[in-house]
1. How many nm separate the modelled label positions at GLU211 and ILE44, each set 7 Å beyond the Cα in the direction of the Cβ?
2. Where in the range 81-112 is the amide nitrogen less than 19 Å from a point lying 7 Å along the Cα-to-Cβ axis of GLN129?
3. Need one number: nm distance between label points at ASP61 and GLU164, each 7 Å from Cα along Cα→Cβ, rounded to one decimal.
4. Using a Förster radius of 25 Å, what is the FRET efficiency between GLU179 and HIS111 based on their Cβ-Cβ separation? Nearest 0.05, please.
5. Grab the other residues whose beta carbon is less than 11 angstrom from that of TRP176, score K and R as +1, D and E as -1, and report the net.
6. Taking θ as phi - 60°, what are the ³J(HN,Hα) couplings along the range 73-84 by the Karplus curve (6.51, -1.76, 1.60), each to the nearest whole Hz, with x for Gly and Pro?
7. Suppose the Debye formula is applied to equal point scatterers at every Cα of the range 72-183; what is log10 I(q)/I(0) at q = 0.13, 0.15, 0.17, 0.18 Å⁻¹?
Amino acid sequence: DTPEQYDHIWEGGYATVLEGAYYAQALATARQEGRIGRVSADPIMSIRLFFDIGGTGARADAVTIWAAQFIGKEIRVINYYESVGQPLETHVNWLRSCKYTPDKASIWLPHDGSTQDKVFDVSYESYLQKAGYTVTVVPNQGKGAAKARIEAARRVFPACWFNEPTTEAGLDALGWYHEKQDEERSIGLGPEHDWASHGADSFGLMAVCSETIQNEGFGRPLKYPRLNIA
């Protein structure tokens, strides 16, 4: 039996998990350990926003964003956003509506974050910087990028705590994200590119960046209170 595939029946959790789903066991374990539930943001800690980039227009790939705080060795995953075919302004308006303002949050983009949008002739990097955010564009990881993201995500999953009410759609995507199969040859062909892959890619970007963030102490509060010493 593979009980992690039936979590949606047992507990009404994330969507049906397919055979070959990359994160089935990790999600099942997170739920069993109580790491999917209610997680509050720490008001004095910085927020990290990890994007997967889509485009504009109805046929474009989805834009997805995971919002997380790095507190010690914990990754508190506090929000998830997904939008298809909307201009950059829409995504920034969502950030502002969540109070993820430039003084409280910073942004991490995949390598194509510095590429110009075909419709609006502006890159995510330049637009978000103009909006006041500190933006890091993660270099292209090369041919094995997808595999590296998956391996990194599996490594960090045990440290992740998810706020279920605001990340449910993202958890659905992680639960569905699976390997494409060549049925005739019975071999895997890498990740299936479908509705779930965009949320999984931005989560994978967070995982790839997490070691750097934690090692460099980026989880520290943005501002320290001044002490009045007589």
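Read the figures in this text as sums done on the coordinates, not as results from a lab. What you see is a predicted model, and the numbers here were worked out from it, not measured in a lab. We place every Cβ from the backbone using ideal geometry, glycine too, and count neighbours over all the protein chains shown.
1. Result: 3.1 nm between the two label points.
2. So the set is 88-89, 92, 102-112.
3. Between ASP61 and GLU164, the simple spin-label model gives 3.1 nm.
4. Plugging the Cβ-Cβ distance into 1/(1 + (r/R0)^6) gives 0.60.
5. Details: positive: none; negative: ASP172, GLU192, ASP194.
Here the charged neighbours net out to -3.
6. Values per residue, Gly and Pro as x: 8, 8, 10, 8, 8, 9, 6, 9, 9, 8, 8, 10 Hz.
7. Debye curve over Cα of the range 72-183, log10 I(q)/I(0) at q = 0.13, 0.15, 0.17, 0.18 Å⁻¹: -0.66, -0.88, -1.14, -1.26.
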